[in-house]
Amino acid sequence: MANIKSAKKRAKQEIKRREKNLNRKTAIKTAIRSVEDALKAGESKEATVELLKKAEAQLARAKGKGVLHKNNSARKISNLAKKVAAAHKEKKKAAPKAKAKAE
């Protein structure tokens with residue numbers, strides 16, 4: 001531990017900041033996982049888009065706080081959006097074929 005008062009304070013602040021950043025990163029991972037789980041479960045488009053918006057908001061907040069680099073945040077948002085869009089395109093393509101077979 002440091003001897004100088006300001007260095008002691010700085011060390012305490014670093015511990016607090018580290019804990020907050022870890023919590024933010026954990027929340028981001030959870031949000032991303034919830035979107036991916038919703039896609040795997042085949043939930044509705046509205047539900048997955050809502051989860052995607054929440055994940056985007058958390059990623060943007062982390063970028064602003066300096067927890068994630070701006071490109072890292074942008075890449076994660078882009079990849080999630082692509083997955084959501086692709087999953088719903090597949091559903092649209094699969095739905096007309098099912099109707100054609102029923103007729």
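Rule-based calculations on the coordinates, nothing more; no lab input. Keep in mind the model is a prediction, meaning the values are calculated, not measured. We place every Cβ from the backbone using ideal geometry, glycine too, and count neighbours over all the protein chains shown.
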### Query
Looking at (1) within 13 Å of the chain's Cα centre (by Cα); (2) surrounded by 15 or more Cβ atoms within 10 Å (Cβ to Cβ); (3) of a type in the set (Asp, Glu), which is the only condition GLU43 fails?
(1)
### Message
Any residue that is under 23 Å from the mean Cα position of the chain (by Cα) and in a helix (DSSP H, G or I) - is there at least one of those in segment 94-102?
### Response
no
### Query
Could you count how many residues in segment 58-89 are more than 25 Å from LYS16 (Cβ to Cβ), surrounded by 11 or more Cβ atoms within 10 Å (Cβ to Cβ) and of a type in the set (D, E, K, R)?
3
### Query
Residues in segment 46-54: is at least one surrounded by 15 or more Cβ atoms within 10 Å (Cβ to Cβ) and not in a helix (DSSP H, G or I)?
no
### LEU39 vs. criteria under 21 Å from LYS91 (Cβ atoms) and in a helix (DSSP H, G or I)
yes
### Query
Of the residues in segment 52-77, how many are free of Cβ contacts under 8 Å to residues at least 12 places away in the same chain and within 10 Å of the chain's Cα centre (by Cα)?
2
